[in-house]
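All remarks here apply to the structure that follows.
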Amino acid sequence: MAYKAKTDWLPDDPINEDDVNRWEKGIKDAHKELAAHKNDLNNPHGTTKAQVGLGNVENVQQASKAEFNRHVDDETIHITAEERAEWNAKETPSAAQDKADRAEENAKTYADQTFTNEKLTVLPDSEAIQDARTAGSEYPLGITLMDIGQGNKTGYPLGYGIVKNENYSTKRFTQYFYGTGNGNLGTGVWVRHWYVSKGWTGWSKISGFAYARATTTLKQKLDKGTYNKIKFNSKITDSHNAFDASKNRFLAPNDGMFLVESGLYIDSIQTYSNFELTIYLNGKQYKNIAHYRHRPEGPTTSKEFGVGVYGTGTVPMKKGDYLEIYMYVGYDDETRYISGRNEAYNYLDIVETGGITPSIF
């Protein structure tokens, strides 16, 4: 039953227990209703946003203060003014593609205008520069090819060949010579450069190096007290047909540096003997490459024993130079001989190692 207040009390009205209970119950009911009203979050009075001054506020979830602070302090998702300016200056993918397309088109245009048939051409005989001593400034710009023939002897590495000129400017000029003679003797590739202040450099050989190997099939007598020419009379390998077995000599197919290795196995005895292995160049003693001297202690005997004399040397050669092997022999009594052993003991190896041909100026 709802609480009914008595509002007509008089000073002399008696107060009984029903009155007091009614008061207590009223107070209790009031507190109960007040607590229920306090805990009611469903807007029991129907208050509107406009009534509390929030008419323009959207009804959305709001971040907490902690969440807001974390967002403000996040340096990953925020950029500085400098970073923003730098990003704004970057190209878009489409702009970058446009630039790449323009660069490609410019390259094609440059190639079409620069590398024309007139600048990539074979010069006719009337325009080919047959004299290798001609200054590089006399050559046309661009890449040109020339035929060199008729046994030319004006400074090209060989008498027959093709010359390729890569003449970019007066300061950037490289020339190649490709030997085209009959057989390997007339082949190889050389390169040189032109400098305005110094002229032509020497020719540097870059491919087609010569190699020859020969042996002797004879048991050759070695005369005492003199230099004996070794009769290498059998070719094993000869890349440029440069070894003459009939004359026992190597003929340089072109200018260059050559490595010479030679060895001989000698039938000797236990008495005094002296052996010197020597390179001869163009018929003259050039370089001693090995020496063996035997002087037994005590009584001498005629007991046989073998002596190996082996050596190596480098020899710069001009085209047409010839090279031979000699041995000086000294002994007391019985004649000494080069043994009849195979090419593992008696051999002559010649390998072209390159080198720069001196300038023709």
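List of remarks:
- Among the conditions (1) acidic (Asp, Glu); (2) touching a Ser or Thr at 6+ places or on another chain (Cβ under 8 Å); (3) not in a loop (DSSP other than H, G, I, E, B), Glu276 misses just one, which is (2).
- Hey, Thr174 modelled with pLDDT under 90, surrounded by 11 or more Cβ atoms within 10 Å (Cβ to Cβ), under 32 Å from the mean Cα position of the chain (by Cα) and of a type outside the set (A, V, I, L, M, F, W, C) or not: no
- Those helices (runs of 4 or more DSSP H) lying entirely in the stretch 14-101 with at least 2 residues free of Cβ contacts under 8 Å to residues at least 40 places away in the same chain, closer than 30 Å to Lys4 by Cβ and not aromatic (Phe, Trp, Tyr): 17-39
- Scanning the stretch 154-174 for residues that are in contact with a Gly (Cβ under 8 Å, 6 or more places away or on another chain), of a type in the set (A, V, I, L, M, F, W, C) and over 12 Å from Trp200 (Cβ atoms) returns a single hit, Leu158.
- Of the residues examined, Asn254 is one that is crowded, with 21+ Cβ neighbours inside 10 Å, assigned to a loop (DSSP other than H, G, I, E, B) and polar (S, T, N, Q).
- Remark: pairs (first residue in the stretch 259-288, closer than 11 Å to Gly308 by Cα; second residue of a type in the set (Lys, Arg) and part of a strand (DSSP E or B); Cβ separation under 7 Å; 6+ apart in sequence or on different chains) = Ile266/Arg336; Asp267/Arg336; Ser268/Arg336.
- The listed residue being modelled with pLDDT of 90 or more, more than 24 Å from Lys318 (Cα to Cα) and in contact with a Lys or Arg (Cβ under 9 Å, 6 or more places away or on another chain), out of Thr216, Thr226, Thr201: Thr216
- Flag if Ala5 is touching a residue at least 24 places away in the same chain (Cβ under 8 Å) and of a type outside the set (Lys, Arg): no
- Of the residues making up the stretch 215-251, just one is farther than 21 Å from Asn342 by Cα, among the aliphatic types (A, V, I, L, M) and not in a loop (DSSP other than H, G, I, E, B), namely Leu251.
- Residue under evaluation Leu323, criteria (1) at pLDDT below 85; (2) surrounded by 20 or more Cβ atoms within 10 Å (Cβ to Cβ), criterion not met: (1)
Condition check ((1) of a type in the set (A, V, I, L, M, F, W, C); (2) surrounded by 10 or more Cβ atoms within 10 Å (Cβ to Cβ); (3) modelled with pLDDT under 75) across all residues:
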| residue | (1), (2), (3) |
| --- | --- |
| Glu86 | no, yes, no |
| Glu105 | no, yes, no |
| Thr109 | no, yes, yes |
| Asp112 | no, no, yes |
| Glu138 | no, no, no |
| Met146 | yes, yes, no |
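- The condition of being among the basic types (Lys, Arg) and under 39 Å from the mean Cα position of the chain (by Cα) holds for only one of Lys303, Lys287, that being Lys287.
- Members of the stretch 310-361 that are among the charged types (D, E, K, R), assigned to a loop (DSSP other than H, G, I, E, B) and more than 26 Å from His294 (Cα to Cα): Lys318, Lys319, Asp321
- Only one of the numbered conditions (1) in contact (Cβ under 8 Å) with a residue 40 or more places away in the chain; (2) surrounded by 15 or more Cβ atoms within 10 Å (Cβ to Cβ); (3) assigned to a strand (DSSP E or B) is violated by Tyr292, and that is (1).
- Near pairs, Cβ below 6 angstrom, 6+ apart or cross-chain, from the stretch 174-194 (farther than 13 Å from Asn254 by Cβ) to any residue that is modelled with pLDDT of 75 or more and of a type in the set (Phe, Trp, Tyr): Thr180/Tyr160; Val191/Tyr176; Arg192/Trp200; Arg192/Trp203; Trp194/Phe173; Trp194/Trp200
- Residues in the stretch 205-251 that are surrounded by fewer than 18 Cβ atoms within 10 Å (Cβ to Cβ) and acidic (Asp, Glu): 2 in all.
- Unmet criterion (only one of (1) modelled with pLDDT under 95; (2) buried (at least 16 other Cβ atoms within 10 Å of the Cβ)) for Pro299: (2)
The values are calculated or read from the model by the stated rules, or taken from the named source; none is laboratory data. As the structure is a computational prediction, the values presented were derived from the model and not from experiment. In this analysis, Cβ positions are derived from the backbone assuming ideal geometry, glycine residues included, and neighbour counts consider all displayed protein chains.
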